[in-house]
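The values are calculated or read from the model by the stated rules, or taken from the named source; none is laboratory data. What you are looking at is a predicted structure, and each value in this text was computed from that prediction instead of being measured. Cβ placement follows ideal geometry from the backbone for every residue including glycine, while neighbour counts extend to all protein chains displayed. Please note that ligands, DNA and RNA were not included when accessible areas were found on the heavy atoms of the full protein model with its side chains. Shrake-Rupley method; radii C 1.70, N 1.55, O 1.52, S 1.80 Å.
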Amino acid sequence: MRAAVRTRYGPPDVVRIAEVEKPRAQDDELLVKVHATTVNRTDCGYRAGKPFIVRFFAGLIRPRRAILGTEFAGEVEAVGRRVRSFAVGDKVIGYVEGPFGAHAEYVTIPEDASVAKMPAGSTFEEAAPSTEGAHYALAYIRAARIHSGQKVLVYGGTGAIGSAAVQLLKGLGADVTAVCRTESVALVGRLGAARVLDDRAVDFTTDDRTYDVVFDAVGKSSFRRCKRLLKPQGIYLSTDLGPFPQNPILALFTRLSGGKKVLFPIPQHDQEIVTYLRGLIESGVFEPVVDRTYPLDDIVEAYRYVETGQKIGNVVIRVARPADPPH
Ligand SMILES: NC(=O)c1ccc[n+]([C@@H]2O[C@H](COP(=O)([O-])OP(=O)(O)OC[C@H]3O[C@@H](n4cnc5c(N)ncnc54)[C@H](OP(=O)(O)O)[C@@H]3O)[C@@H](O)[C@H]2O)c1
């Protein structure tokens, strides 16, 4: 099968397309023919081996796994003999951060892992970006127990995580204020933000409103800068470690303070989360935002674009070739 492979950490051009052995489903696994996948910030981090901490999971000197790719949409081509809940021909979405392997024509996944039937009415390319940004957004939203009526400020409403967060929060009934650049104000309003602050026109940290939660979905602010935006028991969330990796430490120190605090959850993924996200897509609460789509052959270009840090939502990779049957 064809796959995007790399055998060392480095810039986008360490990745090349190669013929590799097609995987085989174990007794409890599905073999999925991948139609579409994504290149996201998680792939970029593991490809570059940065931050260094990812190498403790992925291989200290060299990556242990050659094929990256976390999320996919495809069709079940074979099932192991113990598989009961999926059948050949099922269209599925899935998330494989950890083992990776979605940047390929075929991927295997245990039937009880982060895999679910594809949302009804979605194409493979629409469905592929359902899980990465969205499961991170969901992890943070659940950790802070955000609920209907709460006021939430999302800094960076246009990334994979931010664009999912705005939609998920709106679906929960939260009152969302989002911050983004001028060109994206209309989009972020359509995603569900009741109020959008133009990052280029105002410094959001001087906003005169206060919030139950400030969710920095691009990891570019700090607790210190955002503290004044929080209500007395408000919560600050950030998707990144923060300056001098302070966010995990602040999360420990502010935990028992009884006042404003930092939460730094370690996002996990499982089948419940993927099934939940599929439900949100089917009910119209969540629609993954797609910026650009590249064929697998151009995956290096896709990496370069994602690394500009300017993508809007998600970058999709079309894996199925024109000769393959359409969705
Ligand atoms: N905690 C985790 O495990 C985890 C996992 C995945 C990702 N992350 C981190 O989470 C962050 C967001 O991930 P993502 O996948 O959503 O990223 P993304 O899709 O690459 O985010 C792109 C968006 O970020 C915005 N942006 C870039 N620089 C900004 C700045 N200085 N201020 C405000 N907005 C800015 C851009 O909007 P503008 O063009 O308007 O600036 C762009 O629309 C990344 O830093 C990533 O490293 C963390």
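You can think of it this way: the chain between Arg82 and Ala186 has 32.6 nm of extra reach, that is 0.36 nm per residue less the Cα-Cα gap. Considering only beta bridges that DSSP places wholly inside the chain, some 55 percent are antiparallel. In degrees between 0 and 90, to the nearest 10, how far off the longest principal axis of the chain does helix 271-282 point, with axes built from Cα atoms? Long axis of 271-282 versus the principal axis of the chain: about 80 degrees. Rounded to the nearest angstrom and listed largest first, the equivalent-ellipsoid semi-axes of segment 129-168 from its Cα gyration tensor are 16, 12, 7. Applying 1/(1 + (r/R0)^6) with R0 = 41 Å to the Cβ-Cβ distance of Ile17 and Asp112 gives a FRET efficiency near 0.85.
Ligands, DNA and RNA left out, the accessible area of segment 211-327 computed with a 1.4 Å probe is 55% carbon and sulfur. Checking the a/c ratio against 1.5 first, then a/b against b/c, what shape does the Cα gyration tensor give for segment 63-158? The shape class here is prolate.
Rolling a 1.4 Å sphere over the protein heavy atoms, what is the accessible area per residue of the chain, to the nearest Å²?
Values: 14850 Å² over 327 residues.
Using a 1.4 Å probe on heavy atoms only, each residue of the chain averages 45 Å².
Given R0 = 41 Å, the distance between the Cβ atoms of Asp28 and Gln233 translates into a calculated FRET efficiency of 0.35. The relative contact order of segment 212-302, computed from alpha carbon pairs under 8 Å that lie at least 6 residues apart in sequence, is 21 percent. Over 28 Å apart at the Cα level, from the set Lys151/Lys220; Lys50/Lys260; Lys33/Lys220; Lys91/Lys220, are Lys50/Lys260; Lys33/Lys220; Lys91/Lys220.
With q set to 0.13, 0.18 Å⁻¹, the log10 of I(q)/I(0) for segment 241-285, from the Debye formula over equal scatterers at the Cα positions, is -0.52, -0.68. For Glu105, nonlocal amide neighbours, meaning residues 5 or more places apart or on other chains whose placed amide H falls under 5 Å from its own, are Arg2. When the helices of the chain are scored as -39500 (n - 2.57) per DSSP H run of n ≥ 4 and the total is divided over every residue, the value at 222 nm lands at -7000 deg cm²/dmol. Shown here is the pair-distance distribution of segment 222-263: with all Cα-Cα distances grouped in 10 Å bins from zero up to the longest one, the shares run 32, 60, 8 percent.
Return the tail of the calculated pair distribution for segment 213-327, meaning the percent of Cα-Cα pairs more than 19 Å apart.
Details: 4246 of 6555 pairs.
So the portion of pairs separated by more than 19 Å is 65 percent.
The relative contact order of the chain, computed from alpha carbon pairs under 8 Å that lie at least 6 residues apart in sequence, is 20 percent. Taking the centroid of alpha carbons for each part, segment 54-83 and segment 144-162 are 30 Å apart. A dipole drawn for segment 33-86 from +1 and -1 charges on Cβ atoms has a positive end, and of Ala78, His35, Pro63 the residue lying farthest that way is Pro63. With all pairs of different alpha carbon atoms counted, what Kirkwood hydrodynamic radius in Å does segment 96-229 show? Evaluated on segment 96-229, it is 16.1 Å. Diffusion of the chain by Stokes-Einstein, at 20 °C in a medium of 1.002 mPa s and with Rh set to the Kirkwood radius over alpha-carbon pairs, works out to 106 µm²/s. Roughly to the nearest percent, how much of the accessible area of segment 1-144 is carbon and sulfur, given a 1.4 Å probe? Within segment 1-144, the accessible surface is 51 percent carbon and sulfur. In percent, rounded to a whole number, the relative contact order of segment 125-194 is 32, using alpha-carbon pairs under 8 Å and six or more apart.
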